[in-house]
Amino acid sequence: MLSGGKDSTLAHHHALEQGFTPVAGIVITPQDPESHMFHVPNLDIAQAHIQALNLEPIQITAPHGQETELEALTEAFQQAAAHDVETIVTGAVASEYQRTRIEHAAHNAGLKTHTPLWHKPPSELLHELTHAGYDVRFTHVAAHGLTQDWLGQPLTPERRGTLLALENTHGVHPIGEGGEYETVVLDAPTFNQRIHVQDHAIDWHRDHGRWIINQWTWATTPP
């Protein structure tokens, strides 16, 4: 399952290292902008990830509602089974809500699940993302200590340190599991091409906001 964000991209990388052979990339687009189940911002980048990772595309729209989102998830997994997929890999880190619903939908489709990042220390995951060739950008922030100037900026060792400190001072989950922030990945060690953002906008409201990618292309030169 791909969202365009850091967790699903890192989970794909871990699955490769653990001997899995990725076949297809599932992108689910929720109609509910406040979906608790699926990633929302910049989902066209998730579709770019399918191409960058040489995967077969499986793209589903999920209607509003918890039960209809679960039905969309089951439909996506049934399509995956038709591609000879045996296991669904997800980037779940700490959300029992997401993990249990994914496991239920996978069971309905006759598939297994694998969550390579599950309960790994946030500091460890953030360290890997800042030292292993990832270009991770902040696309949404909604927590004390995360200001407008974070939007569109890369995850760096310095920002990693800030996120870890904010856990102690403001209760921010360092990996963003509480919705404190969301990300998009523009480059990763597993990508065959790097994404270049040509045009973007920032939508800010008092204490939260989004970095919106309006136009992107494949980069032709090294970063």
Per the 1/(1 + (r/R0)^6) rule, R0 = 41 Å and r from the Cβ atoms of His64 and Gln153, FRET efficiency to 0.05 is 0.80
Give the relative contact order (percent, whole number) for segment 6-114; include only Cα pairs under 8 Å separated by 6+ residues. 29 percent
Sorted largest first, extent of segment 84-132 alpha carbons per principal axis (Å): 37, 25, 10
Quick one: helix 157-170 against the long Cα principal axis of the chain, what's the angle to the nearest 10°, folded into 0 to 90? 90 degrees
Likely footprinting exposure, Tyr97, Tyr181, fewest C-beta neighbours within 10 Å first: Tyr97, Tyr181
Restricting attention to the alpha-carbon atoms of the chain, what are Rg (one decimal) and Dmax (integer), both in Å? 16.6, 48
Zone of Asp203 (label point 7 Å along Cα→Cβ, backbone N under 17 Å): which residues in segment 135-168? 138-143, 148, 151-152
Based on the Cβ-Cβ distance from His104 to Asp44, what FRET efficiency comes out when R0 is 25 Å, to the nearest 0.05? 0.35
For the chain, what does the relative contact order come out to in percent, with C-alpha contacts under 8 Å and a separation of six or more? 20 percent
Treating only the Cα positions of segment 6-114 as identical point scatterers, give the base-10 log of I(q)/I(0) from the Debye formula at each q in 0.10, 0.13, 0.14, 0.21 Å⁻¹. -0.25, -0.43, -0.51, -1.28
Tilt, helix 122-131 to longest principal axis of the chain (alpha-carbon atoms), in degrees rounded to tens, equals 80 degrees
So for the chain: antiparallel DSSP bridges make up what percent, rounded to the nearest 5? 65 percent
Mind ranking 28-34, 185-191 by how tightly packed they are, going by the mean number of other C-beta atoms within 10 angstrom, highest first? 185-191, 28-34
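No value in this document is a laboratory result; all are computed from the given coordinates. Just so we're clear, the structure is a prediction, and the values are computed from it rather than from any experiment. Note that we place each Cβ from the backbone using ideal geometry, even for glycine, and neighbour counts take in every protein chain shown.
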